[in-house]
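Read through the structure below, which is laid out as structure tokens, and then see the notes.
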Amino acid sequence: MKTPRNAAIHTSYPETPPAFAIILPETTLPGNLSVEQILLIFAGILAGIAVLTVVAGVLLLRRAPRQAFFLLRQQTAATGWRVLIVALALFLLAGSVRLFGGNVVFQVISPTPSITLTPSVTFTPSITFTPSRTLPPTITQTASKTFTPTPSPTPFVPFNIEQKFTSNVTPDPLLRVGPLTFARALDPNQQPVLPATVFFNPIQKIVFVHSYENVNLGVQWTMIWYRNGELFFWDSEPWGGPAAGFRAVTKSISPDFFLPGTYVVEIFAGREWKQSGAFDVVGAPPNPTFTVSPSITRLPSQTSTPTRVKPVPPTSTATPSRTP
């Protein structure tokens with residue numbers, strides 16, 4: 001057998017399986033017996049004694065009726081019952097030793113870990129192949145500029161919307177608003193049907209639901225919609241509902257359609273931001289179809305052409321003159 005070129009030959013040891021022996025920590029006693037084995041033997045001895053005691057008690061109870069005297073029969077029967085009670089106690093003791101003896105012993109005697117064997121032979125590959133040619137390193141293109149995204153600021157109420165607030169009630173410090181869940185419709189129990197974060201056109205209505213708690217009466221409740229970072233819709237009014245519950249909001253722009261983009265909904269209590277949610281609309285909306293309705297066009301009326309009127313020659317009127 002030929003040895004490949006550029007191959008390094010190493011001496012290998014005969015293959016023998018490594019002997020790993022991992023033994024759980026346990027306390028060993030003289031005689032190469034563990035505590036578990038000692039307890040098992042002791043429980044077996046107690047169970048054997050209990051069986052013999054049961055046999056002795058049964059024999060005493062069977063012998064009692066054959067006694068000649070009444071008092072002797074009573075004493076024999078009582079002794080048989082006592083022996084059976086002792087047998088029962090021995091059975092209970094054997095079970096306790098088997099179940100709980102190990103825990104009691106290990107509380108008194110601290111366990112010592114046994115010796116863990118390590119493999120005696122370390123295997124090394126017999127032949128190590130080295131490449132005959134070293135390929136030149138390839139050029140890794142790196143970007144000339146690294147763009148680091150800037151952290152988004154905390155949402156706030158725009159000044160033009162804040163100027164239209166009609167309530168100055170301070171929000172309760174324990175006021176909480178749950179996450180927003182978006183869907184295209186609600187079921188009869190006001191729960192979202194097929195909730196999602198991506199919707200495909202055509203779509204004319206979006207609903208979202210959320211929970212809330214500790215909303216004090218009269219606090220200014222503001223909901224602002226953004227599309228691709230630009231103000232899309234807003235609504236603000238003093239709160240007049242219950243202090244806690246479940247709220248469903250519907251946004252419909254029918255007969256128009258939602259334009260594609262990323263929509264963000266922000267909820268404020270007073271001037272404090274409480275919750276935000278976002279969803280995406282994908283796909284261009286359908287083109288509107290225009291229906292041509294007939295219109296009445298009035299035709300121009302006929303106009304008569306004027307006729308020439310002959311001018312009347314002026315008539316001279318003689319004025320009488322006075323004669324001297």
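The values are calculated or read from the model by the stated rules, or taken from the named source; none is laboratory data. Here the structure is a predicted model, which means the values were calculated and not measured. Reconstructed Cβ throughout: ideal geometry from the backbone, glycine too, with neighbour counts over all protein chains shown.
Points worth noting:
- Within segment 70-93, the set of residues being among the aromatic types (Phe, Trp, Tyr) and over 20 Å from Leu52 (Cβ atoms) comprises Phe70 only.
- All conditions in (1) of a type outside the set (S, T, N, Q); (2) crowded, with 16+ Cβ neighbours inside 10 Å; (3) out of contact with any Gly (no Cβ under 7 Å at 6 or more places or on another chain); (4) within 19 Å of Thr154 (Cβ to Cβ) hold for Glu230, with the sole exception of (2).
- Candidates Asn189, Asn168 - the one that is at pLDDT 90 or above and outside any strand (DSSP E or B): Asn168
- For segment 121-144, the condition of being outside any helix (DSSP H, G or I), touching a Phe, Trp or Tyr at 6+ places or on another chain (Cβ under 6 Å) and modelled with pLDDT under 65 holds for at least one residue.
- Residue within segment 202-212 that is hydroxyl-bearing (Ser, Thr, Tyr) and closer than 27 Å to Leu259 by Cβ present: no
- Among the residues listed as Gly178, Gly95, Gly102, the single one being outside the structural domain of Ser236 (by TED's automatic domain parsing), surrounded by 11 or more Cβ atoms within 10 Å (Cβ to Cβ) and at pLDDT 85 or above: Gly95
- Matching residues in segment 250-272 - criterion: being at pLDDT 90 or above and more than 19 Å from Asn228 (Cβ to Cβ): Thr250, Ser252, Ile267, Phe268, Ala269, Gly270, Arg271, Glu272
- Residue within segment 297-307 that is over 24 Å from Phe165 (Cα atoms), out of contact with any Cys (no Cβ under 8 Å at 6 or more places or on another chain) and modelled with pLDDT of 60 or more present: yes
- Hits in segment 221-235 (condition: closer than 19 Å to Ile253 by Cβ and in contact (Cβ under 8 Å) with a residue 60 or more places away in the chain): Ile224, Leu231, Trp234
- Boolean, Leu180 is over 15 Å from Ser276 (Cβ atoms) and out of contact with any helix residue (DSSP H, G or I) (no Cβ under 6 Å at 6 or more places or on another chain): no
For (1) in contact with an Asp or Glu (Cβ under 9 Å, 6 or more places away or on another chain); (2) among the small types (Gly, Ala, Ser); (3) assigned by TED's automatic domain parsing to the domain that holds Leu88; (4) exposed (fewer than 13 other Cβ atoms within 10 Å of the Cβ), each residue gets a yes or a no:
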{"residue": "Ser34", "(1), (2), (3), (4)": "yes, yes, yes, no"}
{"residue": "Phe42", "(1), (2), (3), (4)": "no, no, yes, no"}
{"residue": "Ala47", "(1), (2), (3), (4)": "no, yes, yes, no"}
{"residue": "Pro65", "(1), (2), (3), (4)": "no, no, yes, yes"}
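- Those residues of segment 211-227 which are within 21 Å of the chain's Cα centre (by Cα) and either of a type in the set (S, T, N, Q) or surrounded by fewer than 19 Cβ atoms within 10 Å (Cβ to Cβ) (or both), in sequence order: Ser211
- For Leu259: the one exception among (1) assigned to a strand (DSSP E or B); (2) over 18 Å from Lys164 (Cβ atoms): (1)
- Among the residues listed as Val264, Val209, Val193, the single one being without any contact (Cβ under 8 Å) to a residue 24 or more places away in the chain and either outside the structural domain of Phe165 (by TED's automatic domain parsing) or in contact with a strand residue (DSSP E or B) (Cβ under 9 Å, 6 or more places away or on another chain) (or both): Val193
- Residue list for segment 249-259, filter: within 24 Å of Pro158 (Cα to Cα) and surrounded by 14 or more Cβ atoms within 10 Å (Cβ to Cβ): Val249, Lys251, Ile253, Phe258, Leu259
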